[in-house]
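Every read-out reported here was derived from the displayed coordinates using simple, explicitly stated rules and does not represent laboratory data. In this text, all values refer to a predicted model and were calculated from it rather than measured experimentally. For neighbour counting, all protein chains shown are included, and Cβ atoms are generated from backbone atoms with ideal geometry for every residue, glycine included.
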Amino acid sequence: MSRSIIALASDHRGYALKGVLRGELESAGHGVLDLGTDSDEAVDYPDYGYAAAQAIADGRAARAVVICGTGIGIAIAANRHPAVRAAVCHEPEAARLARRHNDVNVLALASNELDENAAREILRTFLETGFEGGRHQARVAKLGAPEIETQAAPLRAAGSGK
C-alpha cells in the first residue's frame, strides 16, 4: 500500500469516529489533511463534503474519508465535484468493489451505523484495494465527464406505445 495524504472531514455526528480513523491513518504511515469539524457542536455536513472534494481536486490529497450520521449527505456533497467519486460503504466488500470497479477516491462512512472496528476494517480495505481498470475504465471516465454521452436506448414516453 502506498502512503499518501488522505483528507479527513466530518460533521458533528462523525467527529468522534474521525478521531479514531485519523489515528488509524497515521499508524499506517499516511499523512492526514484534517478538514474539520473540530468538535461535536452542530455544523452543516455539505461544507465538509465540499472541502474534501476540493482537496482532491486541488491535489492536496490523493483520497478522502468523509463521515456524517448516515454517510449519505456528505457523500452527495462530495460527489457534486467532477473530480470526486464518493461511495457510502457499510462493509469491507462494498469498499473493495467501489475501489476495484469505480475507482472511488472518497470513502463515506455512517457514524450512526458503524462501530470503530468495522469502520477501521472498511478504511483498510479502501486504502489497500486498487482500481482494476480494463472494462471499468471507460465507465469511470464517464463519471467525471461534464456531459454524459450514453449508448443506452432513449427512454420511451409512458403510454406512447412505441
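Odds and ends about this structure:
- Cα-projected label distance for Asp44 with Ser27, points at 7 Å along beta-carbon direction, nm: 3.6
- Point-to-point label distance, Glu128-Asn112, nm (Cα→Cβ direction, 7 Å offset): 3.0
- Applying the Karplus relation 6.51 cos²θ - 1.76 cosθ + 1.60 with θ = phi - 60° to the range 10-27 yields 3J(HN,Hα) values of 8, 8, 5, 5, x, 4, 5, 5, 4, x, 4, 6, 4, x, 5, 5, 5, 4 Hz, where x marks Gly and Pro.
- Largest GNM mean-square fluctuation among Glu41, Glu116, Glu132, using the chain with Cα springs under 10 Å: Glu41.
- Phi angles across the range 29-45 convert, under the Karplus curve 6.51 cos²θ - 1.76 cosθ + 1.60 with θ = phi - 60°, into 3J(HN,Hα) values of x, 7, x, 10, 9, 7, 9, x, 6, 10, 6, 9, 6, 4, 9, 9, 4 Hz, Gly and Pro given as x.
- Phi angles across the range 82-92 convert, under the Karplus curve 6.51 cos²θ - 1.76 cosθ + 1.60 with θ = phi - 60°, into 3J(HN,Hα) values of x, 7, 10, 10, 9, 9, 7, 10, 9, 7, x Hz, Gly and Pro given as x.
- Rounded to the nearest 0.05, the FRET efficiency derived from the C-beta distance between Arg96 and Lys142 at R0 = 22 Å is 0.50.
- Shape call, the range 5-141: gyration tensor on alpha carbons, a/c limit 1.5: prolate
- Axis of helix 116-128 versus longest Cα principal axis of the chain: the two differ by about 60°, to the nearest ten degrees.
- For Ala64, the residues whose amide H sits under 5 Å from its own are Ala7, Val106, Leu107, ignoring neighbours fewer than 5 places away on the same chain, with H placed 1.01 Å from N.
- Euclidean distance of C-alpha centroids, the range 80-144 and the range 1-50, integer Å: 16
- Burial ranking of peptide ranges 18-29, 44-55 (average Cβ count within 10 Å, highest at the top): 44-55, 18-29
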